[in-house]
1. Can you pull out every residue in region 274-310 that is exposed (fewer than 13 other Cβ atoms within 10 Å of the Cβ) and in a loop (DSSP other than H, G, I, E, B)?
2. Among the residues of region 235-247, which ones are in a loop (DSSP other than H, G, I, E, B) and in contact with a helix residue (DSSP H, G or I) (Cβ under 8 Å, 6 or more places away or on another chain)?
3. Among the residues of region 254-264, count how many are closer than 20 Å to residue 277 by Cβ and out of contact with any helix residue (DSSP H, G or I) (no Cβ under 9 Å at 6 or more places or on another chain).
4. Taking region 107-159 as the region of interest, how many residues are over 28 Å from the mean Cα position of the chain (by Cα), within 24 Å of residue 70 (Cβ to Cβ) and touching a residue at least 40 places away in the same chain (Cβ under 8 Å)?
5. Filter region 160-192 down to residues that are assigned to a helix (DSSP H, G or I), farther than 18 Å from residue 24 by Cα, touching a residue at least 24 places away in the same chain (Cβ under 8 Å) and within 15 Å of the chain's Cα centre (by Cα), then give me how many there are.
6. Can you work out which of the residues in region 251-273 that are under 23 Å from residue 220 (Cβ atoms) and modelled with pLDDT under 85 is surrounded by the fewest Cβ atoms within 10 Å (Cβ to Cβ)?
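The values are calculated or read from the model by the stated rules, or taken from the named source; none is laboratory data. Because the structure is predicted, anything quoted here is derived from the model rather than measured. Glycine also receives a Cβ, built like all others from the backbone with ideal geometry; neighbour counts cover every protein chain displayed.
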């Protein structure tokens, strides 16, 4: 569905996207991740035809985004992070207007407007002016706009931005439903959403790809595949030193104090579990132990390890 080859974009002396190559298969739900300034939005704008690449090529459903721009864009439903809407139109009026721009008319336009209003939970506000809507509902209008012409590919930039937890669940379920019929690419900072929604993840930083795989594979290959959380009563400095000396312990982080209990996060080598050794150390040092449990690594840990600057 998407084939990007050596995509590069420079602004003056700054290279925002640097030799980016990746592919997205039909039916994939892809999380496109990276810290602020990593080049995500610039890449998306090149894929959607808003920006020409300085170098490299990209195709959408086999159509070159530059040479066959109209055909490529007709297969895309794109929702930017800040959805541009006409505040003085009613919701249904706006969606019909957008549908006409995308080539719909007559019965087909009416059917598609009704369908996206229902699927995006906008039926009850269809007669409201857009300026009267909350940010969450404005996001829904943006999503309805991307769906109205039944595109093969959805590119969503922060689709759950501004939504409450119930709305996020609703949009997540909708994206999963839509993925049965089309390809979806999501740029977001809510990594738990990516873990629950996406079957593939692309992480970029400084305009370069840092990782590309399934969420599970990325977590399983993380250098530190989890940590142990510990609460004890002890001398902080002495405890940190002794915990650090244990086999397979990579790092000990003091998380501060709660009442008289010191909290630690203990990062261990991949594929190891140091809880028995930690418990034995607590007994031998006469440290009162309140809790000791393993925290498995998440996609957030992968993201931090691949993009942190320290």
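1. 286, 308, 309, 310, listed by residue number.
2. 246, 247, listed by residue number.
3. Residues in region 254-264 being closer than 20 Å to residue 277 by Cβ and out of contact with any helix residue (DSSP H, G or I) (no Cβ under 9 Å at 6 or more places or on another chain): 2 in total.
4. 0
5. Looking only at that region, the number is 5.
6. 271
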